[in-house]
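The next block holds one structure in the form of structure tokens; read it before the comments.
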Amino acid sequence: MNFQMLMFAMGLVLVLEGIGPLLFPLQWKKYLAEFSMQNKNTLRRLGGCLVSAGIVLLIIFA
């Protein structure tokens, strides 16, 4: 994987992450408030699932 592909992937992540707050700022704010009230174990599990899914995708498509 070269630097250009890495920057493309990071740019794509930023675009996808920015769509929610750009198009639906009030709903996004409510979502973040609700999300921040979750207990730390739930957030850890979610983070672990996201990291695992990302690793699997990297292995498949790398």
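Here are a few things to note about the model shown:
- Rounded accessible area per residue of the chain, 1.4 Å, Å²: 96
- Semi-axes of the equivalent ellipsoid of the chain are 26, 19, 7 Å, computed as sqrt(5λ) over the eigenvalues of the C-alpha gyration tensor in descending order.
- Rounded tilt (10° steps) of 3-23 against the dominant C-alpha axis of the chain: 20
- For Ser36, net neighbour charge (Lys/Arg +1, Asp/Glu -1) across residues whose Cβ lies under 13 Å away: +2
- Solvent-accessible area of the chain (1.4 angstrom probe, protein heavy atoms only): carbon and sulfur portion equals 74 percent.
- Computed from phi, the 3J(HN,Hα) profile of region 46-55 under the Karplus parametrisation 6.51, -1.76, 1.60 (θ = phi - 60°) reads 4, x, x, 5, 5, 5, 4, 5, x, 5 Hz, with x in place of Gly and Pro.
The values are calculated or read from the model by the stated rules, or taken from the named source; none is laboratory data. From a predicted model like this one, the values you see are computed outputs, not experimental measurements. Here the Cβ is made from the backbone with ideal geometry for all residues, glycine too, and neighbour counts use every protein chain on show. The accessibility values were calculated without ligands, DNA or RNA, using every heavy atom of the protein model including side chains. Shrake-Rupley method; radii C 1.70, N 1.55, O 1.52, S 1.80 Å.
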